[in-house]
Amino acid sequence: MKRFDNSPETALDWHRSGRGAALATVVETWGSAPRRVGSQLVIGGDGRIEGSVSGGCVEGAVIVEALEAIDEGEARLLEFGVSDDDAFAVGLACGGTIRILVEPIGQVLPEPMLAELVAARAARAPIAYEVNVETGRRALRRNAYTDRLRMDRSGFEEDGQTFVAVHNPPLRLLVVGAVHIAQALVPMARIAGYDPTIIDPRDSFASSARFPGETILTDWPDEAVAKLELDARTAIVLLTHDPKLDDPALQAALDADVFYIGALGSTRTHAKRIERMKAAGFTDAQISGIHGPIGLDIGAAGPSEIAVAILAQITAVLRGKS
């Protein structure tokens, strides 16, 4: 299961505790690098660590460099070659090269800036951290780098000096209708990095036995959705086939800034849904955002294949490929 990386929060906590801390960030990779650009490792002044920049290949060397950087109060830009043997040990076919930026908190990365970044993450507000590795200029950018934020893609700008670290809220998937498709979709979504929530007021469907370990809300869908504060990192799928359950959640989603809305049903069913939304006062532009019938047309048969089609469509919309 993919979990939200809390490296900035940990670095701020360790710094404020007095032990000192540095953030090590993967800023560039070549070949089959073990971790993607933007991955982070927190190093405490007492040697403790959290996170990863290489899956174990070069962590030891990074820790040594980071402890020296904390003592000296200076940033370091490191470059490592990962051998084929080391890469194979962490599950890759071949090695590569990675560059890692080490930034001591306080001396290099100002505490107020890190605190602002952490606050934005807590508020589920997308934000980008910008650093020029040549001049040392650092800034937080809101309402900028929209393509990078949509693609979750940290990296260098064309000048080769400005590194942009994307900090997006975790992706959420709200599933209205604890049906068989949901039983297949929820674990797939977790693997893809989503934090799913199942919404269904019918206790016989929305049970922990059917969805072990998952978050289940048995409120009426519009009440449940209102509690969750929909945003641009949220996808919602409507699977009940029952307008009494789907429509309240659908109307809440149409009024919000979610990036994906999908509704189960045939073309005929969807046409009736459109008419109900028009009668409820929604515009053609709003209604056009509903994906129905839901999922990519891959000839899916059965709940599991339908779940694959749904998750594929959600991914395509998220990445701007729909």
>> No solvent, one uniform scatterer per C-alpha: report log10 I(q)/I(0) for segment 7-167 via the Debye equation at q = 0.09, 0.15, 0.17, 0.20 1/Å, two decimals.
In response: -0.27, -0.78, -1.00, -1.33
> Looking at the square roots a ≥ b ≥ c of the eigenvalues of the Cα gyration tensor of segment 207-277, which shape do they give, rounded for a/c under 1.5, prolate if a/b is larger than b/c, or oblate?
Replying inline: oblate
> Between segment 251-278 and segment 98-134, what is the C-alpha centre distance in whole Å?
Replying inline: 39 Å
>> Can you pull out the GluC sites (Glu not before Pro) in segment 222-322 whose DSSP state is coil and whose Cβ has at most 16 other Cβ atoms within 10 Å?
In response: 229
>> Restricting to DSSP loop positions (anything but H, G, I, E, B) with no more than 15 other Cβ atoms inside 10 Å of their own Cβ, which trypsin sites (Lys or Arg not before Pro) remain in segment 116-176?
In response: 124, 137, 142, 153
> Loop-only check: which GluC sites (Glu not before Pro) in segment 103-174 are DSSP coil with at most 15 other Cβ within 10 angstrom?
Replying inline: 134, 157, 158
> Most mobile of 263, 144, 232 per a Gaussian network model of the chain (Cα springs, under 10 Å)?
Replying inline: 144
>> For residue 154, what residues show an amide H to amide H distance below 5 Å, using hydrogens built from the backbone and excluding near sequence neighbours?
In response: 166
> Whose amide H sits under 5 Å from the amide H of residue 240, counting only residues 5 or more places off or on another chain, with H placed in the peptide plane?
Replying inline: none
> Suppose every K and R has +1 on its Cβ and every D and E has -1 on its Cβ; what is the size of the dipole of the chain about the Cα centre, in Debye to the nearest 20?
Replying inline: 1060 debye
>> Placing unit charges on C-beta atoms (Lys and Arg positive, Asp and Glu negative, everything else neutral), compute the dipole magnitude of segment 172-263 about its Cα centre in debye, rounded to 20.
In response: 380 debye
>> If you average 1/r across every pair of different Cα atoms in segment 236-308 and take the reciprocal, what Kirkwood value do you get, in Å?
In response: 12.6 Å
> Using a cut-off of 16 Å between alpha-carbon atoms, which aspartates and glutamates can reach residue 227, once sequence neighbours fewer than 8 places away in the same chain are excluded?
Replying inline: 195, 200, 219, 255, 257
> Rg and Dmax of segment 171-318, using alpha carbons, in Å: what are they?
Replying inline: 13.9, 40
> Given the convex hull over the Cα atoms of segment 144-235, what projected area results after averaging over all orientations, in nm²?
Replying inline: 7.0 nm²
> Cα convex hull of the chain: how many Å³ per residue?
Replying inline: 157 Å³
> Using θ = phi - 60° and the Karplus curve 6.51 cos²θ - 1.76 cosθ + 1.60, what whole-Hz ³J(HN,Hα) does each residue of segment 258-273 get, with Gly and Pro shown as x?
Replying inline: 5, 8, 8, 10, x, 9, 6, x, 6, 4, 5, 4, 5, 4, 5, 4
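Bear in mind these aren't lab numbers, they're just calculated from the coordinates by the rules spelled out. Because the structure is predicted, anything quoted here is derived from the model rather than measured. Glycine also receives a Cβ, built like all others from the backbone with ideal geometry; neighbour counts cover every protein chain displayed.
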